[in-house]
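One structure below.
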Amino acid sequence: GKIVLFTTHDLALAAQANRLILLGKTGIIADGPPHALFQETACWEQVGLPLPAWLHIHEKISPT
């Protein structure tokens, strides 16, 4: 298999990944698939990255 590792603050790009590892000053804050991590707003607030408006809109129109 192949592994591609990249760093970004572009959450639209990150949403296309199979796995996200969210890093903070103390190390790994969260690790998992994008759809799961985007639901954990506290971890994003902890590292100072606000979730984009398109994600909030998607949550409102997507069935649960």
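What follows draws every value from the coordinates through simple rules; no lab data is involved. Source: prediction; values computed, not measured. Virtual Cβ from ideal backbone geometry, glycine too; neighbours counted across all protein chains shown.
For residue 20, the residues whose amide H sits under 5 Å from its own are 32, ignoring neighbours fewer than 5 places away on the same chain, with H placed 1.01 Å from N.
Would you list 6, 38 from fewest to most Cβ contacts within 10 Å? Don't skip to the answer; put the middle values down first.
Working: 6 8, 38 21.
So the ranking, lowest neighbour count to highest, is 6, 38.
Around residue 49, what is the net charge, scoring Lys/Arg as +1 and Asp/Glu as -1 over all other residues with Cβ under 15 Å from its Cβ?
Details: positive: 25; negative: 10, 40, 45.
Result for the neighbourhood of residue 49: -2.
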